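The values are calculated or read from the model by the stated rules, or taken from the named source; none is laboratory data. Because the structure is a prediction, the values reported are computed rather than measured. Cβ atoms come from the backbone with ideal geometry, glycine included; neighbour counts cover every protein chain shown.
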Amino acid sequence: MNLSDVDLNNLDTFERALPHDQWKILREEAPLFRHPGAPGEEDYGCVTKYDDLKLLSKSPMEYSSEARAAMPRPEYMEHCMESAANGYSGFDLT
């Protein structure tokens, strides 16, 4: 897999499994990545390294997604809830 193969807009990828292969490529080749948006949507940023995310989280006024927060599509939300209930902490459902 190459960086050009990364497509986090394809939600079918998430229905099969979490795209660890894509996240690995991003961490190795583009830890701060501007991902093209889905058709009709804006591009968005991907932060894939812990230290970078930690640094950005200390400056919420400069690096906020408040204006355009992302939510899973409704049919995928049930899967997110089940994952959280089973101990996966990648979703903040509070």
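Annotations
- The set of residues in the range 1-22 that are part of a loop (DSSP other than H, G, I, E, B) and small (Gly, Ala, Ser) contains only Ala17.
- Candidate set: the range 23-62, residues that are in a helix (DSSP H, G or I) and in contact with a helix residue (DSSP H, G or I) (Cβ under 7 Å, 6 or more places away or on another chain); chosen: the one surrounded by the fewest Cβ atoms within 10 Å (Cβ to Cβ): Glu29
- Residues of the range 63-82 classified as surrounded by 13 or more Cβ atoms within 10 Å (Cβ to Cβ) and at pLDDT 65 or above, total: 1
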